[in-house]
């Protein structure tokens, strides 16, 4: 009897299993959020955390939680989810296991904009605006250059993104060389990620929610695309339209995250890989799970970054690299194929 290949999108999903997985991830994120609000130089017990969440900030502990830790924790949660969701989308779009949100140069463009604003001594809102403008300009440049005069392909997109990212890296090095000593620390913290500077966590969480809602209708077509472009076209998927939509969505999610916390690596690379090994490659489960897992990972890393050697704070990107590198090497060793 010959084997029959069944498209991933038609495989039945067990609602109970999906619900259990998402509930467990959500519970883990809530525990990480509570730990982030309680941990710090000023210890806050459960009562102080609850009072802060309810708006009762008469006590110093509750005021610290509400005014300092809560915005930072929510920003880390939202940006981690954005990066992991963008990474999951990019890995399917490019069908490349090493693809991450930064592979197309979006982070490099944001870095050029932000560091240029820091070099001229502009205020924080202008730095965020310059980072967003740089990310969007890079996104449109990569897409336009990858099309050229011919058709758009994943290979052209990947190669164009890598070259543009290298060019942005050279400009970043030039800006660091030209910057005065007083601006270097802020530039380096931005390049390595700093959730403490995020001041609009509500907007970040809103972008994440919209991104998940926009990605979920694409899950079936992404399942088919993961089996090959010819296979997807044979089953009626408009692969060109899908590629454009996924590219724009992943780029916008990355731009929002980088604008808020700077360049934080490995979240968009490791989280989708790890969840894919644990849960399978069905995008209907993987996309929301990546948003939760990425948010939880960055939240834990940011909590450690501000508490490990307190009162000094580490850039959160350093912690994500220290977590991501051994995890990724373990994945490669455990699953050599």
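Only the coordinates and a few stated rules stand behind these numbers; no lab work does. Keep in mind that this is a model prediction, so the values were computed, not measured. Counting neighbours? That spans all protein chains shown, and the Cβs are built from the backbone with ideal geometry, glycine included.
Quick check: the distance between the Cα centres of segment 151-188 and segment 225-296, to the nearest angstrom?
23
So how do 127, 142, 258 line up by other beta-carbon neighbours within 10 Å, fewest first?
So the ranking, lowest neighbour count to highest, is 127, 142, 258.
With each label point set 7 Å from Cα along the Cα-Cβ vector, what nm distance links residue 120 and residue 278?
According to this spin-label approximation, the distance is 4.5 nm.
Using the C-alpha atoms of segment 147-275, what convex hull volume per residue, in cubic angstrom, is computed?
With only Cα atoms used, segment 147-275 gives 139 Å³ per residue.
Counting pairs of Cα atoms in segment 71-207, how many percent are more than 23 Å apart?
38
Let a ≥ b ≥ c be the square roots of the eigenvalues of the Cα gyration tensor of segment 163-233; is it rounded (a/c under 1.5), or, if not, prolate (a/b larger than b/c) or oblate?
The shape class here is oblate.
Give the angle, between 0 and 90 degrees and rounded to the nearest 10, that separates the Cα long axis of helix 154-178 from the longest principal axis of the Cα atoms of the chain.
It works out to around 20 degrees.
Determine the calculated [θ] at 222 nm for the chain from helices alone, applying -39500 (n - 2.57) to every DSSP H run no shorter than 4 residues and normalising by the residue count; nearest 500 deg cm²/dmol.
-24000 deg cm²/dmol
Quick one: 216, 139, fewest Cβ neighbours within 10 Å first, how do they rank? Before the final figure, lay out the partial values.
Numbers: 216 13, 139 24.
Taking fewest neighbouring Cβ atoms as first place, the list is 216, 139.
Divide the volume of the convex hull of the Cα atoms of segment 239-296 by its number of residues and quote the answer in cubic angstrom per residue.
Working: hull volume 5.2 nm³, N = 58.
Dividing the Cα hull volume of segment 239-296 by its residue count gives 90 Å³.
Can you sort 79, 24, 168 from fewest to most other Cβ atoms within 10 Å of each residue's own Cβ?
Numbers: 79 35, 24 12, 168 21.
So the ranking, lowest neighbour count to highest, is 24, 168, 79.
What's the angle, to the nearest 10 degrees (0 to 90), between helix 124-147's Cα axis and the longest principal axis of the chain?
10
Taking Cα pairs under 8 Å and at least six residues apart, what relative contact order does segment 42-115 come out at, in percent?
17
When only C-alpha pairs under 8 Å and at least 6 residues apart count, what is the relative contact order of the chain, in percent? Don't skip to the end; give the middle numbers.
Values: 518 pairs, mean separation 100.3, N = 337.
Contact order relative to length: 30 percent.
Would you mind classifying segment 4-140 by shape? Square roots of the alpha carbon gyration tensor eigenvalues, ordered a ≥ b ≥ c; an a/c under 1.5 is rounded, otherwise it is prolate if a/b is larger than b/c and oblate if not. Don't jump to the answer; show the numbers that get you there.
On the way: a/c = 3.62, a/b = 1.14, b/c = 3.18.
Oblate, since a/c reaches 1.5 and b/c is not below a/b.
What nm distance separates the two modelled labels at residue 50 and residue 233, each placed 7 Å from Cα along Cα→Cβ?
Placing both labels 7 Å beyond Cα along the Cβ direction yields 6.1 nm.
What's the FRET efficiency of residue 244 with residue 184 using the Cβ-Cβ distance as r and R₀ = 30 Å, to the nearest 0.05?
Result of the calculation: an efficiency of 0.15.
Mind checking the angle between helix 267-279 and the chain's longest principal axis? C-alpha axes, 0 to 90 degrees, to the nearest 10.
The angle comes out near 60 degrees.
Once the Cα atoms of the chain are picked out, what are the Rg and Dmax in Å?
20.5, 73
Comparing 27, 215, 305, which has the greatest mean-square fluctuation in the GNM of the chain with Cα pairs linked when under 10 Å apart?
Answer for the Gaussian network model of the chain: 27.
Note down the nm distance, to one decimal, between modelled labels 7 Å out along Cα→Cβ at residue 98 and at residue 173.
According to this spin-label approximation, the distance is 1.9 nm.
Have a look at segment 205-337 and give its Rg and Dmax from the Cα atoms, expressed in angstrom.
When restricted to Cα atoms, segment 205-337 yields Rg and Dmax of 16.8, 59 Å.
Translational diffusion coefficient, Stokes-Einstein: compute it for segment 195-236 using the Kirkwood radius over C-alpha pairs as Rh, at 10 °C and 1.306 mPa s, and state it as an integer in µm² s⁻¹.
Rounded, D is 127 µm²/s.
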